[in-house]
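Here, each number is a calculation from the coordinates, and none is a lab measurement. In this text, all values refer to a predicted model and were calculated from it rather than measured experimentally. FYI the Cβ positions are ideal-geometry reconstructions off the backbone, even for glycines, and counts take in every protein chain you see.
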There are 2 protein chains.
Amino acid sequence: MSSVRICFVGESFVNGTGDPQCLGWAGRICASACNLGHDVTYYNLGVRRETSTELKERWQKEVSYRLPLEHDGRIVFCFGVNDTTIENGKPRVDFETSVENARHILKVAKQMFPVLMVGTAPVADLEQNQRIARLSTAFASVCDEIDVPYLDIFTPLQTSEVWIKEALANDGAHPRAAGYAELAQLVQNWQPWLSWFK
Amino acid sequence: MSSVRICFVGESFVNGTGDPQCLGWAGRICASACNLGHDVTYYNLGVRRETSTELKERWQKEVSYRLPLEHDGRIVFCFGVNDTTIENGKPRVDFETSVENARHILKVAKQMFPVLMVGTAPVADLEQNQRIARLSTAFASVCDEIDVPYLDIFTPLQTSEVWIKEALANDGAHPRAAGYAELAQLVQNWQPWLSWFK
């Protein structure tokens with residue numbers, strides 16, 4: 001049995017916004033690990049509307065505070081969708097800066113803790129999804145380059161009936177319980193996540 | 001239907017440490033509110049081992065970051081048990097400082113947001129419980145003085161078979177799912193909490 005403390009860091013999709021069960025995908029995968037007998041301390045540090053530029057300034061202090069070095073601390077990141085939202089005629093964070101932010105955040109983080117990166121989720125807007133898909137591909141390259149496991153969730157969720165249907169019926173971006181459960185399944189079956197509980 | 005964003009701020013009991021369902025009492029009461037049709041964004045800012053002295057330096061930045069003024073933000077505090085732990089022959093935070101910390105934190109917080117205070121929970125150690133009970137009474141007075149609703153959970157949980165049994169079988173302090181569900185019931189039936197969802 002492993003005893004770990006995990007910080008989930010990112011935006012509203014990490015927070016689980018829209019899930020009436022208040023677990024999101026992060027809570028679900030930690031509960032599953034607990035039910036298999038693992039001792040998991042679950043810290044959810046998802047913040048609504050946060051861009052990667054904002055996250056870059058925030059994550060280290062909040063994470064360090066929760067993961068003292070005498071314990072087995074881990075980080076799972078998941079961010080980027082808010083960067084692609086159009087405001088005043090342009091994305092909130094331009095593509096190159098998003099990629100640079102991801103590289104910086106992940107490089108610093110992996111010197112401190114084991115790190116995983118869960119990719120960008122699709123929303124119910126075809127145009128924004130093009131920008132999200134491009135970012136997901138670029139994040140995958142960055143992660144490959146610096147040796148951080150990356151999970152592409154855009155591809156499977158883009159064709160998920162539940163994810164898109166719940167997002168459309170909600171606010172156009174966030175699903176409800178079934179959508180988060182579907183995303184949780186993807187992460188839960190992912191080898192790099194499973195390897196944390198061997 | 002109300003739309004609120006709530007930060008739960010405090011120690012491991014806020015985090016829900018020990019609950020294999022990864023909800024704790026805070027997640028349970030937010031899920032209940034959601035199931036009644038309310039739109040609740042749930043931010044859990046519980047940190048293990050944190051004293052009130054540490055919390056005093058931390059809460060404001062993390063809360064302000066999550067509760068932009070254009071949204072309906074709220075705070076529920078629950079802290080103090082770690083103050084009463086003996087280290088090097090004395091409590092980690094002495095009684096007078098704990099009380100002063102609570103007064104300071106709550107005074108500042110209530111100028112910014114609607115605030116509730118959930119009291120200190122008993123543990124499975126009779127001696128420490130005497131210090132916890134004393135703190136709970138003092139916190140109740142402070143809250144009365146500065147007009148913040150305070151929920152005494154020490155009295156009911158002290159005689160709760162589930163709470164004490166689960167804490168004993170676990171690590172001596174934190175219950176499992178049933179204990180947290182019992183605490184959730186106490187908060188959920190509390191008038192000041194219910195009044196947030198009228």
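Values as computed for the structure displayed
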quantity	calculated
In the range A:1-94, the GluC sites (Glu not before Pro) that fall in loop regions by DSSP, at most 10 other Cβ within 10 Å	A:Glu70
Rounded Å value of the spacing that divides the Cα centres of the range B:136-198 and the range A:1-72	24
Rounded to whole Hz, the Karplus (6.51, -1.76, 1.60) HN-Hα couplings of the range B:107-122, x for glycine and proline	4, 5, 4, 6, 6, 9, 8, x, 10, 10, 10, 9, x, 8, 8, x
Percentage of interatomic Cα-Cα distances in chain A larger than 21 Å	48
Straight-distance crosslink candidates among lysines, where the alpha carbon sits under 22 Å from A:Lys61 and sequence neighbours closer than 8 are dropped	A:Lys107, A:Lys110, B:Lys56, B:Lys61
Bridge type composition, chain A - antiparallel percent by DSSP, nearest 5	10
Rough spin-label spacing in nm, given labels placed 7 Å along Cα→Cβ, for B:Gln111 and A:Ser195	5.1
Relative intensity, log₁₀ I(q)/I(0), of the range A:141-189 from a Debye sum that treats every alpha carbon as a point, q = 0.30 Å⁻¹	-1.07
Among beta bridges that DSSP assigns inside the protein assembly as shown, antiparallel share in %, nearest 5	10
Under 19 Å from the Cα of A:Lys90 - aspartates and glutamates, other chains or at least 8 residues apart	A:Glu50, A:Glu54, A:Glu100, A:Asp125, A:Glu127
Label 7 Å beyond Cα on the Cβ vector: A:Ile86 copy-to-copy distances, nm	6.7
In sequence order, calculated HN-Hα J values of the range B:74-91 (Karplus, 6.51, -1.76, 1.60; Hz; x Gly/Pro)	9, 10, 10, 9, 6, 8, x, 4, 4, 4, 8, 6, 7, 9, 6, x, 8, x
Likely footprinting exposure, A:Ile86, B:Ile164, fewest C-beta neighbours within 10 Å first	A:Ile86, B:Ile164
Packing-based exposure ordering (other Cβ within 10 Å, fewest first) of B:Tyr42, A:Tyr65, B:Tyr150	A:Tyr65, B:Tyr150, B:Tyr42
Cα Rg, Dmax (largest Cα-Cα span) when computed across the range A:54-149, Å	14.2, 47
Pair B:His38, B:Arg134: separation of 7 Å Cα→Cβ label points (nm)	3.6
Alpha-carbon Debye profile of the range A:1-114, log10 I(q)/I(0) at 0.22 Å⁻¹	-1.22
Dipole magnitude (debye, nearest 20) for the range A:67-147, charges at Cβ of Lys, Arg, Asp, Glu	40
Calculated P(r) of the protein assembly as shown - Cα pairs past 27 Å, %	49
